[in-house]
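Worksheet: the structure to be examined is printed underneath.
The values are calculated or read from the model by the stated rules, or taken from the named source; none is laboratory data. Just so you know, these numbers come straight off a predicted model, no measurement behind them. Virtual Cβ from ideal backbone geometry, glycine too; neighbours counted across all protein chains shown. Note: areas computed on protein heavy atoms with side chains; ligands, DNA, RNA excluded. Shrake-Rupley method; radii C 1.70, N 1.55, O 1.52, S 1.80 Å.
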Amino acid sequence: MSKIKVTIFNENLHDKEENVKAVYPNGMHGAIKECLDADGRFETKIALQDMPSHGLTDDVLNNTDVLFWWGHIIHDKVDDAIVEKVYQRVLKGMGLVVLHSGHFSKIFKKLMGTGCNLKWRETGDLERVWVVKPSHPIVAGLGEYFELPHEETYGEHFDIPAPDEVVFASWFSGGELFRSGCCFERGNGRIFYFRPGHETFPTYYDENVKKVLINAALWAGAPGGVFQTYGFWHTDNYNK
Ligand code: ZN
């Protein structure tokens, strides 16, 4: 069976800071790549924001089944022309997995059509991630919940349109609640937003989080049908 082609985009700025390098010596993109490579069902490549075209050339995008997206402080520096190309690829069926602070990325906001704002607090609270859709393929192999001993806190209200499915809901030891795993469809494309993944915590090494990353890549990268013919439809098309 052919492998699912995954491209992992990272703005790669925090990853150069000493305290983050201590946690992720190969960058967060490196940790995510190692996780997916170890699984064996994916062919992975890295795209960094300071590469030409942010590493997201037409050739790369046209050969990507699922794009992972981690960004935080330089969302505004992502070229609008590249965002438009990613957007069109999602509509045509490319999966998109948006991680953590990617909630404020241009591509996520464009696909959601809302402000995508939220409450946040960086105090290293415990996060309990509850499975709220036990039949969903993204939760395969998980228990009823899993815990991350220290994470950044995000809190509702999260300004997104009603998701097609909420897969995870988080509780934080400070009291906040958050819809931390949300599925959307746009055109032929599947989008998964996954909340955990603050750069100073070893979240992407957590065994449960790794299961989610793998399951999300499988779900978002599952092949769909043909891209529909929209607009004028001639009856001759039935005879083709
Ligand atoms: Zn963060």
- Could you state the number of Å between the C-alpha centres of region 204-233 and region 7-69? 17 Å
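State, to one decimal in nm², a quarter of the convex hull surface area for the C-alpha atoms of region 1-116, i.e. the direction-averaged projected area.
Dividing the Cα hull surface by four gives the mean projection, 7.4 nm².
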- Restricting region 203-235 to chymotrypsin sites (Phe, Trp or Tyr not before Pro) in coil, as DSSP defines it, with at most 16 other Cβ within 10 Å: 227, 230, 232, 233
- Just add up the charged neighbours of residue 227: K/R +1, D/E -1, any other residue whose Cβ is under 12 Å from the Cβ of residue 227. +2
- the chain - convex hull of the alpha-carbon atoms, volume per residue in Å³: 141 Å³
- Item | Packing rank of 130-137, 11-18, 24-31, 196-203, where each peptide gets the mean count of other beta carbons within 10 Å, highest leading | 196-203, 24-31, 11-18, 130-137
- Item | Accessible-area value, residue 165, 1.4 Å probe, nucleic acids and ligands omitted, Å² | 60 Å²
- Item | Degrees, to the nearest 10: 207-220 long Cα axis against longest axis of the chain | 10 degrees
- Task: State to the nearest 20 debye the size of the charge dipole of region 110-240 about its Cα centre, where the only charges are +1 on K and R beta carbons and -1 on D and E beta carbons.
- Result: 500 debye
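For the chain, what is the calculated [θ] at 222 nm in deg cm²/dmol (nearest 500), taking -39500 (n - 2.57) for each run of four or more DSSP H residues and dividing by its residue count? Walk me through the numbers before you get to the answer.
On the way: 6 runs with 55 residues, N = 240.
Dividing the helical sum by the residues of the chain leaves -6500 deg cm²/dmol.
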- Item | For residue 19, net neighbour charge (Lys/Arg +1, Asp/Glu -1) across residues whose Cβ lies under 13 Å away | -3
- Message: Taking each pair of distinct Cα atoms in region 99-240 once, what is the resulting Kirkwood hydrodynamic radius in Å?
- Response: 16.4 Å
- Query: Counting Lys +1, Arg +1, Asp -1, Glu -1, what net charge surrounds residue 70 among other residues with beta carbon under 10 Å of its beta carbon?
  - Reply: -3
- Within region 52-146, trypsin sites (Lys or Arg not before Pro) in DSSP loop having at most 15 other beta-carbon neighbours inside 10 Å: 92
